[in-house]
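J.: Quick one: the structure is below, and I'll ask about it shortly.
The values are calculated or read from the model by the stated rules, or taken from the named source; none is laboratory data. Note that the coordinates shown come from a computational prediction; the quantities given were computed from them, not determined experimentally. Every residue, glycine among them, receives a Cβ derived from its backbone with ideal geometry; neighbour counts consider all protein chains shown.
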Amino acid sequence: MIWWSLFRFFFFFTLKPIIFVRNLCLLDLNSMFIMRIFPLVFLIILGINFPTFLLRENFYYLFLFTLRVAFVCFTFIFDSTFLFLMFLEASSIPMLLLILNYSKGQDKVSSLIFIFFINFSGSMPFFFFSIMKDGQSYVNFLDPFHSFFYLFCFFLLLRSKVPIFLLHFWLTKAHVRASGSCSMLLARLILKLGTFGLLKFSSFFCSLFGTLGSFLFRIGSFSCVLLTWVMVRFFDVKLLVACSSIMHIAMILPFSSEPMSYPYCGRIMMMVGHGLISYFIFYLVTLLYEFSLNRSYDFAKAIESSSKSLSTFLFLFMFLNLGFPPFISFLRELSFCLGLYLWAFSRLFIFGLRIVLRIIFLMFMITKGSFGKSYYLGAKIESRLLVVNSIFYFVSLSVCLFFFYCRFSLI
Amino acid sequence: MLCGSKIVEAMLFVKISFFFLVFHLRFLLLFSNYLRFYDLSLRYYNFPSSWSNFFTLNACLDSISLLFILIVRIVTFIVVIYRQVYIEHYNNKKFLFILILFFFSIAILSLGGSLLTLIIGWDGLGISSIFLIIFYPNKITLYNSILTIFFNRLGDVVLIAVLCHFIYRFNFYYFLRDRSSIYFLAAIFGLFVCGFTKSAQFPLSSWLPAAMSAPTPISAIVHSSTLVTAGIYLLSKFRRRVFGFPFLISFWFFFRVLTFLTGGFLANLELDFKKIVAFSTISQISMIIVFSSCRLISLALLHMLFHAFFKTLLFCCSGLIFITFYSLQQEKLLKIPSFSYITAFLFFVSIYSMTGLVFSSSFFSKDLVLEIFCTFFDGVVFFLFLLGRVLTLFYSSKILTKCMDTSMDYAYIYSKKFNVLSFLLFCWVILLCGKFFKYFLLARMFPFISLTDLYIILFLFFLSFFFLLRRSRSFMRFLHLEVSFMKVFTYRIVHKFFTLNLVLQVIFRSDFFFKTGNTLHLLSPEKIKSNFSIFMFVLIFGLALMSRY
């Protein structure tokens, strides 16, 4: 079934948007493309399980998991704002249950309550917005007061789904508390939900985002500087990767003003590329945890000496995360640069500074991974399993990239 | 002793590489004409807008790229063989893997026909060089790798910005549409910054001496011959666009001459052996860029080839010395072990070629450029260039006199090294047959070599063997004498040019002598006033030299 779904998602692509079920559902090209990365979730989590996870595998977990993926798919399909909101909120319930059942630590309940509260507070204003939007025409959105109000509602929803800087603590909390597969899901699906919503509704708030653009850009670049400053002091690997994803997603917001341009393509690339790459980094980090039984990166010192394959793939995907040329992450950087070139040259300069600064994070990971004394020389990671996974993943990634290019050249 | 399987492996490697070498040379014959090139383009990516350029992956084959790959291939081949000695039992697979990554990225760089293809190889070079620097994990390599990656990343970011320029303003190939705009100047300036970061030129050069903490074979391949010339390759691709702007040319020219001098000066002050060689690399690379800025692109390529070979040879020989002294790198404490005549001999030949003394390979490139400068350009440029060459002589004589001191104490038998040394002899052959290679490039693949040249080469060959076989005090004295003779010889040349050409040219100050139809301008007070400082500087320096001799 997994293979069939993979086949369908890879080889089924259309040129025109499909509308079905009385204008309730819409399959756009963008949503279609973003949904194409979903079956890869099954590939690693369900197809090949973690060694210790095998003991706790049961029907309940699979049920929750599939429910979650189905809800996310429905969120992408439905055109109506109300249904969008409904499935958006519904998709968080299996996630909370997963965290509750399959994660360790005493204070997971408090973090659950925190996440639930944030979701609730975000969704209530948007509920009113969705009701008003369905009833009224588009003309009302030109009214500055109303549009500001709607934007505020939308922003509250966005805050619970997208890690905006200074409001990103729910993400780090969730990543720290969640188990490995949960955080992989989080990176793959939940962050995509928020950004997809932004993509969907950005046409309404086009002018407002245009005015707020410079402010958001400043926040994004400031977040990068501050996080690179702080990240060197962290020791939790998951926290590090979460912070890197915050740094990536901070660049989505300022480019929401233009509907069809280079940065628009860059945003989609950001979503897809981040989903593919940081997802796999979380997988590697979880493998690291399974063998060293500690998430501190100090205990994973010199993993290069104990397991070559893991360290190689970790470094490779760190470079992909940074933006290695022929891949999707490089095109993301390039398209943002192209957008900034027309916007303002000074901002291009700041963006370049941001790219240079991000190398600190990478060098931190690499030097910790290759220098120092190894703590668990005896426990070798099952490298064959890892290599098979990684190669297969890499091939599928390249296939995905290929179809992405096809899609854009066909427009 | 060598194991049987290792010999078989090495022979297989040699056979395969020889086969490919022949194939490569046949290709090179095909592209002997500079104007001939083949271009292959793949449409790779399309943004949904009609007014900007397409994203294409191009592969462009011409004589320059083929020569570039040839250099890299031979050097890689030599270093892979040399690895058997230096990194014998330490992470061989990792080393080879990163080396292959490096090789492929440099191949992509040199075959790239568009900036997008070029940037792939560019980033690959940076990454592989970082992983090669942290090959020995210790604290020094940690700091140095961070320094290096910062500079590399700076170059990458500037290149991405230039790519943005190219997508909006120009065509995506190397042919630009509008040349008279400020954007063009900005793009070219960005390209300069990129090239200077990769080639370690003066304001952005501090990473290259730091990168010398890598193991010696890596320094031999990456940080002396191949990676550093990537900047030259980039600049040579765009050279035709730059030549329309005299301002850019002068900027390019004078900054590189400055780097040439500072590199030589710092190499004289440095104590670490590998860092001396690193500074010498900086100065030599800047000299190659000077060649290419004067439209002497074939000569620049020629010197690039020679430079690659003598630097590789020097590093390989010095690596053998470091092994015997337990990785000591202070040049004052180093001595060549007495048993290894061939090492000492190869060491001597490489330094001989580095200085560009008579009838070595780089003599043919450097001397030709000096001839061109003294007729074609300003006197000041010629003077500065000569000064740089004198500085080169100084530091190379410093290395020579320190390292040619043989000793019986450190007797180390090179049983395994014989294989390696026989391969290194190939470098030596190239270094002595500079005349051959000069015609190989300049006269479009029709080598012309006279009998006298052949005799001189053979004479040098036998003479150097004869000298180096005798390990006595008298030999050392002879060597000192020879080096001092070289110095005197060059000073005499300086003196001669002061009296004949240089002072005259400075006084009459004819800019681009060649262009004005060989007519001397009259001595005017305005011209003297404008060039007063230069004039005084030259006069004082000349007087000082005259008083000495």
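J.: What pairs can you find where one residue is in region B:113-136 and at positive phi, the other is small (Gly, Ala, Ser) and not in a helix (DSSP H, G or I), and their Cβ atoms are less than 6 Å apart, with a gap of 6+ or different chains?
T.: Cβ pairs passing all conditions: none.
J.: Within region A:362-377, identify whether any single residue is in contact with a Phe, Trp or Tyr (Cβ under 8 Å, 6 or more places away or on another chain), within 9 Å of another protein chain (Cβ to nearest Cβ), closer than 29 Å to B:ASN138 by Cβ and at pLDDT 75 or above, and answer yes or no. Steps first, answer last, please.
T.: If we filter region A:362-377 for residues that are in contact with a Phe, Trp or Tyr (Cβ under 8 Å, 6 or more places away or on another chain), which is where we start, we get A:362, A:365-366, A:368-369, A:375-376.
Checking the rest, the ones that are also within 9 Å of another protein chain (Cβ to nearest Cβ) come to A:362, A:366.
Narrowing further to those that are closer than 29 Å to B:ASN138 by Cβ: A:362, A:366.
Narrowing further to those that are at pLDDT 75 or above: A:362, A:366.
Looking for residues that are in contact with a Phe, Trp or Tyr (Cβ under 8 Å, 6 or more places away or on another chain), within 9 Å of another protein chain (Cβ to nearest Cβ), closer than 29 Å to B:ASN138 by Cβ and at pLDDT 75 or above, one finds at least one in region A:362-377, hence yes.
J.: Moving on. Can you name the condition, by its number, that B:PHE382 falls short on among (1) at pLDDT below 70; (2) within 23 Å of the chain's Cα centre (by Cα)?
T.: (1) is the only condition that B:PHE382 fails.
J.: Can you pull out the residues in region B:87-114 that are at pLDDT below 80, over 30 Å from B:ILE297 (Cβ atoms) and either in contact with a Leu (Cβ under 8 Å, 6 or more places away or on another chain) or of a type in the set (Asp, Glu) (or both)?
T.: B:GLU88
J.: Here is a check on your reading of the model: is A:PHE315 closer than 30 Å to B:CYS194 by Cα, at the interface with another protein chain (Cβ under 9 Å from one of its Cβ atoms) and part of a helix (DSSP H, G or I)?
T.: On the way: closer than 30 Å to B:CYS194 by Cα: yes; at the interface with another protein chain (Cβ under 9 Å from one of its Cβ atoms): yes; part of a helix (DSSP H, G or I): yes.
So A:PHE315 fits the description; yes.
J.: Taking A:SER409 and the conditions (1) touching a helix residue (DSSP H, G or I) at 6+ places or on another chain (Cβ under 9 Å); (2) at pLDDT below 65, which numbered condition does it fall short on, given that it satisfies the others?
T.: Evaluating A:SER409 over (1) touching a helix residue (DSSP H, G or I) at 6+ places or on another chain (Cβ under 9 Å); (2) at pLDDT below 65 leaves (1) as the failure.
J.: Suppose we filter region B:137-172 for residues that are outside any helix (DSSP H, G or I) and facing another protein chain (nearest Cβ under 10 Å); how many remain?
T.: 2
J.: Yes or no: region B:280-301 includes at least one residue that is at pLDDT 90 or above and of a type in the set (A, V, I, L, M, F, W, C).
T.: Within region B:280-301 (the criterion being at pLDDT 90 or above and of a type in the set (A, V, I, L, M, F, W, C)), the answer is yes, since at least one residue qualifies.
J.: For region A:275-312, give me the residue count where each residue is outside any helix (DSSP H, G or I), within 14 Å of chain B (Cβ to nearest Cβ) and within 23 Å of A:ARG233 (Cα to Cα). It would help to see each step written out before you state the result.
T.: Step one: of region A:275-312, the residues outside any helix (DSSP H, G or I) are A:293-302, A:307.
Remaining after also requiring within 14 Å of chain B (Cβ to nearest Cβ): A:301-302, A:307.
Imposing the further condition that a residue be within 23 Å of A:ARG233 (Cα to Cα) reduces the set to A:301-302.
The total comes to 2.
J.: Pairs under 8 Å by beta carbon, first residue within 15 Å of A:CYS153 (Cα to Cα) in region A:75-91, partner among the acidic types (Asp, Glu) and modelled with pLDDT of 80 or more, six or more apart or different chains?
T.: Partner pairs satisfying both residue conditions: none exist.
J.: Could I ask something else about it? Pairs only if they're at least six apart or on different chains, beta carbon under 7 angstrom, first in region B:80-104 and within 13 Å of chain A (Cβ to nearest Cβ), second outside any loop (DSSP other than H, G, I, E, B); list them, first residue then second.
T.: That search, which allows pairs on different chains as well, returns B:PHE95/B:ARG83; B:ILE98/B:SER128; B:ILE98/B:PHE131; B:ILE98/B:LEU132; B:LEU101/B:GLY124; B:LEU101/B:SER128.
J.: Moving on. Say we look at region A:211-266 and pick out the residues that are among the hydroxyl-bearing types (Ser, Thr, Tyr) and part of a loop (DSSP other than H, G, I, E, B); which of these is farthest from A:LEU166 (Cα to Cα)?
T.: Across region A:211-266, the extreme among qualifying residues is A:SER261.
J.: Are there helices (runs of 4 or more DSSP H) fully within region B:237-329 with at least 3 residues that are among the aliphatic types (A, V, I, L, M)? List them. Explain how you work it out, then say what you get.
T.: On the way: elements: B:239-242, B:246-269, B:273-293, B:297-324.
Per the criteria, B:246-269, B:273-293, B:297-324.
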